[in-house]
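In what follows, a structure is listed as structure tokens, so that the remarks can point back to it.
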Amino acid sequence: LTVNFRTTEPVIEWINDIFGALIVAEPGSQAAYVALSAHRQESAPVGPAVAVLGAETHAEKLSADELRAVESRDIAAAVSELLHGPSPWSVDDGEGGWRPAIASDVCILLPSRTSLSALEAALTAVGVPYRAETSSLVYASREIREVLLALAAVADPTDELATVAALRSFVYGCGDDDLAHWRLGVRGRFTLRAPIPEEHESHPVALGLQHLQQLHEARLWSTPAELLDRLIRERGVLETAIAGGNPRDVWRRLRFVIDQARAWVDAGGVDLRAYLRWARLQGADNARVSETVLPETDDDSVRIMTIHGSKGLEFPITVLAGMTTKIQKADRGASISFPPDSDPVLRLSSVVTSKGYSTWKSTDDQMNEHERLRLLYVAATRARDHLIVSLHRTESTASTGASVMAGPANECGVSTPFVPTIASRPALRPPEPVAIPDRDTWLTERSDALKRASARTVVAATTLAREAAEAADPGLDKQPRDLDLPPWQKGRYGTAVGRAVHGVLQVIGLADGAGLTAAAAAQAAAEGVANRQDVIERLARHALATTVAAEAAAGEFWRELWVAAPIGDHLVEGYVDLLYRSPNGLVVVDWKTDQVHDDAAVAAKVARYRLQGAAYAAAVETATGEAVDRMVFVFLNDDGPVEVELPDLAAAIAEVKASTAELAETSAVSEAVVEFE
């Protein structure tokens, strides 16, 4: 257990020197330090194994914010130099060699979120892309804080402080002059309860209050996730992020927070105020759940994480930042502790404590200090090839990570003082001036752009059939529904019984119907039709009794298969209920719970679903490169199934191609991509 397989030998030597000196055995609080041995004996050919920033103490007196800013600028400059300097640092290429480092090789670890804003500003200033990857850092970012501030104003219409903070945020964009004029000039109030004077409805503050009032009224029948999504969409938060210089990271944070809100709702959360309390806990420094935010696969950015969130991970280049934060934090608010050999002790304020609290406090402070030292040890051992340590501190600084580590770090022979050079920073390319066209030309270009953007590039199979149908049909009712549905209801539409039957047929054994009764009960409960369980089970048994089910069970088959393929200049997509391979080619099966009792009804239904079935077949052929031999509709009547093969499949596919182009060209929808399931 003492052999380290990830880190190079010089970095391990530094870790042993530093933490061997800092971690001293204390009974009941700290075990003795055990030195590590390195499996990797090599060291990177370019770049120091351990680089120390701020090795010398700052002589001038700096406030905590000023010291954080100095540290952040130095870290940003160092990262810029190791990536873009004359000699980019090298990292292990995974194949026994070395390669130049890229941005995603670098991870900056923070003990708390205090330094995040200063670090983000410094990285932006030198043009280094970054992304925050731990949930507590995401909730601590300015964009997320201000979005949640708006929801706080929605949750409590009497909280004028929250309302003013929401109006001043980038979400509503009211300046101090707007707020002052509203209060002093208009004599308006910052509350969602007061009516807005008609003569001032166009005032920036009035517009913000009106929107907050709308969200407040909708809170009773909207989940927190729905309110959050609506706020972001209607206030153009995603679009506003472009002005910040790092929009992809902001978009990713917003998507993460929305996804977490939906998960919170799925777990049983309902009340907006309860959600906001939960969200505040996610951003706490002592939060025990550190959920990593996954980046896009093509996003080459420096990673920023909390040390808690980095446990179990490793990075080619690790930066220990935020070392200006005190290791031993001052007591704030009420607290309760549970000494192992005595009764619990309580602290309500600095003057109100329970008996024995002062005696226990010294022991508790020592244990907390030991825990934070172990946390720094965890951070240092995340490094694979290079470790960068910030030691920025002043003469008066005490009990910070930098002041604690400075002595042994400066004495260690592996430590290399590193002073980034200004010349190595990449020069930011100024934007090229663009000539402003005249208004008529701009309006024409804008109209053409909107026309192109409004055309459907993706057409669903069900959309083709619905556009051709003369009347509404539950079997074609596959419009997008609420994204906040629980997982077992996503992807299935139409009637409740129909959805339940489809859900059952996705999971039971096609050959023997294994699990049918249990699946029918579960799906009936999920769809809110528990009293129709017998109907659902009976219709599913009818499906198993069909010829196509028997043929599919005898060979290779796929169920609830999403398929998308280009048809002409557009993309056709949909979910195929059942696809199987027969001796003559692929067979597409679509289960229908429509009740058809005579030949005329069957013919009418087949005509209505004709383009839908042909679209499935066309998409399958294009996607797989294999021929579709048949497309079969199976109508699950109460008294038995009816199997109907789509006649003249080739002609129907040709009609799909024509209808796809016509539908896409004539549509004028608000999204450039329309996705139906």
Can you sort 337, 136, 342 from fewest to most other Cβ atoms within 10 Å of each residue's own Cβ? 342, 337, 136
With 10 angstrom as the radius, rank 463, 547, 457, 8 by how many other C-beta atoms surround their C-beta, starting from the fewest. 547, 457, 8, 463
P(r) tail fraction, segment 1-56 - alpha-carbon pairs more than 16 Å apart, %: 53
Fraction of beta bridges assigned by DSSP in the chain that are antiparallel (%, nearest 5): 45
Enumerate the whole-percent occupancy of each 5 Å bin, from 0 to the last occupied one, for all C-alpha pair distances of segment 139-282. 2, 10, 20, 23, 19, 14, 8, 4, 1, 0
Taking the dipole about the Cα centre of segment 1-155, with the C-beta of Lys and Arg at +1 and of Asp and Glu at -1, give me whichever of 51, 134, 78 is farthest to the positive side. 134
With only alpha-carbon atoms counted, please give the Rg and Dmax of the chain, in Å. 31.7, 94
For segment 141-211, what is the Kirkwood hydrodynamic radius in Å, using each pair of distinct C-alpha atoms? 12.0
Helical contribution to [θ] at 222 nm, DSSP H n ≥ 4, -39,500 (n - 2.57), averaged over the chain, rounded to 500: -13500 deg cm²/dmol
Per residue, how much space in cubic angstrom lies within the convex hull of the C-alpha atoms of segment 19-115? 184
Would you kindly derive the ³J(HN,Hα) couplings of segment 88-93 from the backbone phi angles with the Karplus curve 6.51 cos²θ - 1.76 cosθ + 1.60 (θ = phi - 60°), listing them in order in whole Hz, with x for Gly and Pro? x, 5, 9, 9, 4, 8
Counting only Cα, what are the radius of gyration and maximum Cα-Cα distance Dmax of segment 173-216, in Å? 9.6, 26
Where does each of 182, 221, 98 land when they are ranked from fewest to most other beta-carbon atoms within 10 angstrom? 221, 98, 182
Computed FRET value (nearest 0.05) for residue 239 with residue 432, which takes r as the C-beta separation and R₀ as 25 Å: 0.65
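Readers should treat all values here as calculations from the given coordinates under stated rules, not as data from a laboratory. Since the structure is predicted, the reported quantities are computational estimates derived from the model, not experimental observations. Ideal geometry is used to build each Cβ from the backbone, glycine not excepted, and the neighbour counts take in all protein chains shown.
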